[in-house]
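Worksheet for the structure shown next.
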Amino acid sequence: MRQSVFDSSDDPKRPSRKGWWAHARAPSLAAMADLFGNAVAAAKRDAPPADAPLAERLRPRSLAEVVGQEHLTGPNGSLGRMVAAGRLSSLILWGPPGTGKTTIARLLADAAGYRFHTLSAVFPAVADLRRAFADAETAARAGQRTLLFVDEIHRFNRAQQDGFLPFVEAGTVTLIGATTENPSFELNSALLSRCQVLVLQSLPAPALEALLARAETLTGRALPLTDAARAALIDGAQGDGRYLLGQAEALFAAVPPGAAPLDVDAARTLLQRRLPNYDKDREAHYGLISALHKSIRGSDPDAALYYLARMLVGGEEPLYLLRRLARAAVEDIGLADPTALPAVMAAKDAYDFLGSPEGELAIAQVCLHLATAPKSNAVYAAMGAAMPLARATGAADPPKRIQGAPTRLMRDLGYGRGYEYDHDSPDAFSGADFWPEAVEPRALYQPTTRGAEAAIAERLTRWRELRRGR
């Protein structure tokens, strides 16, 4: 039997899991009344008070009011179908901040008639988890299903995540976890296999505009912004509806009714600056560095410079970016532009010499150098072909004539005998066969006809013809 991470049976000062679980199975009638009274109250939540934050007052009351996630909440979406069936599956809601994860979980519980219980993984308490599972078991025996919503579920460690498994498998709770991090990195495979992962999207501009219109209707005021400032506000929210409504609330509070609308500069001065969406060791890191590399490979200097700037603004370590640029130089450009790799190393030296922010210009310059250079992965492909061949023929000796003979015995055995010094041959090319006798010569390096590799390809063709002639 799987032992829960919430089991404290190894601590003599605390009751075993059997003890607290058995105790939970026999609640008082008063406790059961409180339990289901709270469930009914949760299902019929009153409107928030007038002094509640604007985002809370505008929280949707049904899935139909949720904006920007119609691919999930619509009649043909995963959530819409679950609600229609009246039965929910355990879910992981993955999406950026302010896209409706908590709201959707609450609405699902209400729509499907589930008892709603919420926990946050930011400050998890074992007692809270035990109580949640015990209450869910009590509710299940009375025919009431429980939706357990865990915010920031990625903050639970792997062992704690395993602790949910017995209760999810037994149907004690229907688990909905919310996370802003990639579940494939942050959640263990056992938990993922029992949950359906649904991806919430950053709210598009029309959805954000709809939120502002609702805010204006609720407050009875037009947002005190010019059209250009309103568009800039929406753009600056970066798909985060909660952030947008917080900014709108600040504007309503700071600008008295009837005042002239603020232009872009005035609004920017009044409102706080939004930090870029970037975590140096998480999803945004891997997504942006991949986009930078692929933009260089695809010869789009503008996109490459944009992603480079995104990462620098987000606080990425410049030397990490230079290492990736060096990789692009050898993987995607190679000998089509032999100056690419030296240019990266020169940019590194310039950055070390100048520091930030001046040194970042050197990084930008070499980024544009790589993006506009002729492309070739011939070196990369050649190495990819050479490595397995080397592993398969690692015992084959080179011909003795091209091996050194530092001792008399080796000279007597024929090492170095018959070697032709290429510089003594016409065009400094002897045409000798340098491969081991046990290995068939083959063309591993296939240069392209782009950039400097075109001349290399021409030389190799001529040399191969001369070698065949011998």
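Conditions tested, residue by residue: (1) modelled with pLDDT under 90; (2) in a helix (DSSP H, G or I); (3) outside the structural domain of L148 (by TED's automatic domain parsing).
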residue: G171; (1), (2), (3): yes, no, no
residue: G177; (1), (2), (3): no, no, no
residue: S184; (1), (2), (3): yes, yes, no
residue: E209; (1), (2), (3): no, yes, yes
residue: A213; (1), (2), (3): no, yes, yes
When segment 242-270 is checked residue by residue, the ones that are modelled with pLDDT of 90 or more and among the polar types (S, T, N, Q) are Q247
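Condition test on A346, is it in contact (Cβ under 8 Å) with a residue 24 or more places away in the chain and surrounded by 12 or more Cβ atoms within 10 Å (Cβ to Cβ)? Before you say what the answer is, go through the steps one by one.
Working: in contact (Cβ under 8 Å) with a residue 24 or more places away in the chain: no; surrounded by 12 or more Cβ atoms within 10 Å (Cβ to Cβ): yes.
When the stated conditions are applied, A346 does not pass them.
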Across segment 192-207, the tally of residues that are under 30 Å from E65 (Cα atoms), not in a loop (DSSP other than H, G, I, E, B) and not β-branched (V, I, T) stands at 6
Of A109, A134, the only residue that is assigned to a helix (DSSP H, G or I), touching a residue at least 12 places away in the same chain (Cβ under 8 Å) and either under 26 Å from L245 (Cβ atoms) or not assigned by TED's automatic domain parsing to the domain that holds G80 (or both) is A109
Checklist entry - Has segment 420-432 got any residue that is crowded, with 16+ Cβ neighbours inside 10 Å, over 29 Å from the mean Cα position of the chain (by Cα) and either at pLDDT 90 or above or closer than 22 Å to I296 by Cβ (or both)? => result no
Of V122, V126, the only residue that is at pLDDT below 85 and within 20 Å of R242 (Cβ to Cβ) is V122
Residue hits (segment 220-250; surrounded by 18 or more Cβ atoms within 10 Å (Cβ to Cβ), of a type outside the set (G, A, S) and part of a helix (DSSP H, G or I)) are R230, L233, I234, R242, Y243, L244, L245, Q247
Note on segment 54-79: residues farther than 10 Å from A111 by Cα and part of a helix (DSSP H, G or I) are L54, A55, E56, R57, A64, E65, E70, H71, L72, T73, S78, L79
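Inspect all residues belonging to segment 88-102 and state whether any of them is at pLDDT below 85 and at negative phi.
Checked segment 88-102: no residue is at pLDDT below 85 and at negative phi.
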For segment 88-97, the count of residues that are surrounded by fewer than 22 Cβ atoms within 10 Å (Cβ to Cβ) and within 19 Å of the chain's Cα centre (by Cα) equals 2
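Restricting to segment 440-470, count the residues that are of a type outside the set (D, E, K, R), part of a loop (DSSP other than H, G, I, E, B) and in contact (Cβ under 8 Å) with a residue 12 or more places away in the chain.
First, the residues of segment 440-470 that are of a type outside the set (D, E, K, R): 441, 443-449, 451-452, 454-457, 460-461, 463, 466, 469.
Adding the requirement that they be part of a loop (DSSP other than H, G, I, E, B) leaves 441, 443-449, 451-452.
When the remaining residues are screened for being in contact (Cβ under 8 Å) with a residue 12 or more places away in the chain, the result is 443-448, 451-452.
Result for segment 440-470: 8.
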If we ask which residues in segment 349-405 are touching a Ser or Thr at 6+ places or on another chain (Cβ under 8 Å), among the polar types (S, T, N, Q) and surrounded by 16 or more Cβ atoms within 10 Å (Cβ to Cβ), their number turns out to be 1
Check your understanding: Does segment 312-327 contain at least one residue that is at pLDDT 95 or above, buried (at least 22 other Cβ atoms within 10 Å of the Cβ), outside the structural domain of Y445 (by TED's automatic domain parsing) and closer than 24 Å to A457 by Cα?
Key -> no
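Just to be sure, is T449 surrounded by 13 or more Cβ atoms within 10 Å (Cβ to Cβ), of a type in the set (S, T, Y) and out of contact with any Asp or Glu (no Cβ under 7 Å at 6 or more places or on another chain)? Don't jump to the end; show me each part of the working.
Values: surrounded by 13 or more Cβ atoms within 10 Å (Cβ to Cβ): yes; of a type in the set (S, T, Y): yes; out of contact with any Asp or Glu (no Cβ under 7 Å at 6 or more places or on another chain): yes.
It is true that T449 is surrounded by 13 or more Cβ atoms within 10 Å (Cβ to Cβ), of a type in the set (S, T, Y) and out of contact with any Asp or Glu (no Cβ under 7 Å at 6 or more places or on another chain).
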The correct count of residues that are among the β-branched types (V, I, T) and free of Cβ contacts under 8 Å to residues at least 24 places away in the same chain in segment 397-439 is 1
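The values are calculated or read from the model by the stated rules, or taken from the named source; none is laboratory data. Because the structure is predicted, anything quoted here is derived from the model rather than measured. Positions of Cβ are backbone-derived with ideal geometry, glycine not excepted, and every protein chain shown enters the neighbour counts.
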